[in-house]
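Since the structure comes first, as structure tokens, the remarks are kept for the end.
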Amino acid sequence: MIAVLAGCRASPLSPAISNEAQLEQPSSVAAGARYLKNKCSRSDLPSDDAIDRAAWNVGKKRGWSNIDYATLNQRSTQMYQQLQQDSTPETTK
């Protein structure tokens, strides 16, 4: 799971981005992974908590120390719920 979240290996610290983006990026990745796991029956993906923790750890490795795990978990849950409510056809998502 970490390999999926980390993508290409870059320098240990990412360039400065806004605090909002530091929360939104890992939260959206976690929400997307959760959506794939539940909606697409991806049994190879870990628990929701493990997904959120992996996203949180990637943020920490990028030097985004202001990300609080509880806030990331809450935001990824909100994003996941938005994905579930989205009326876009499944084949397009």
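No lab work stands behind these numbers, since they all come straight from the coordinates. For clarity, every value in this text was computed on a predicted model and none was experimentally measured. Methodologically, a virtual Cβ is constructed for each residue, glycine included, from the backbone with ideal geometry; neighbour enumeration extends over all protein chains shown.
How about the stretch 19-64: which trypsin sites (Lys or Arg not before Pro) there lie in a loop by DSSP and see at most 14 other Cβ atoms within 10 Å?
Arg42
Please enumerate, by chain and number, the aspartates and glutamates with C-alpha under 20 Å from the C-alpha of Lys60, excluding those fewer than 8 residues away in the same chain.
Glu20, Glu24, Asp48, Asp49, Asp52, Asp68
Calculate one ³J(HN,Hα) per residue across the stretch 33-45 by plugging θ = phi - 60° into the Karplus curve 6.51 cos²θ - 1.76 cosθ + 1.60, and present them in order as whole Hz with x for glycine and proline.
5, 5, 4, 4, 4, 7, 7, 10, 6, 8, 6, 7, 8
I need the phi-derived Karplus couplings for the stretch 50-59: 6.51 cos²θ - 1.76 cosθ + 1.60, θ = phi - 60°, integer Hz, Gly and Pro marked x.
So the J values, rounded to whole Hz, are 5, 4, 4, 5, 5, 5, 4, 5, 5, x.
Between Ser18 and Gln81, what FRET efficiency follows from the Cβ-Cβ distance if R0 is 22 Å, with the result rounded to 0.05?
Efficiency computed from Cβ-Cβ geometry: 0.40.
Go through the stretch 24-31 residue by residue and turn each phi into a ³J(HN,Hα) via Karplus (6.51, -1.76, 1.60, θ = phi - 60°); whole Hz please, and just put x for glycine and proline.
Ordered by residue, 3J(HN,Hα) equals 5, 4, x, 5, 5, 5, 5, 5 Hz.
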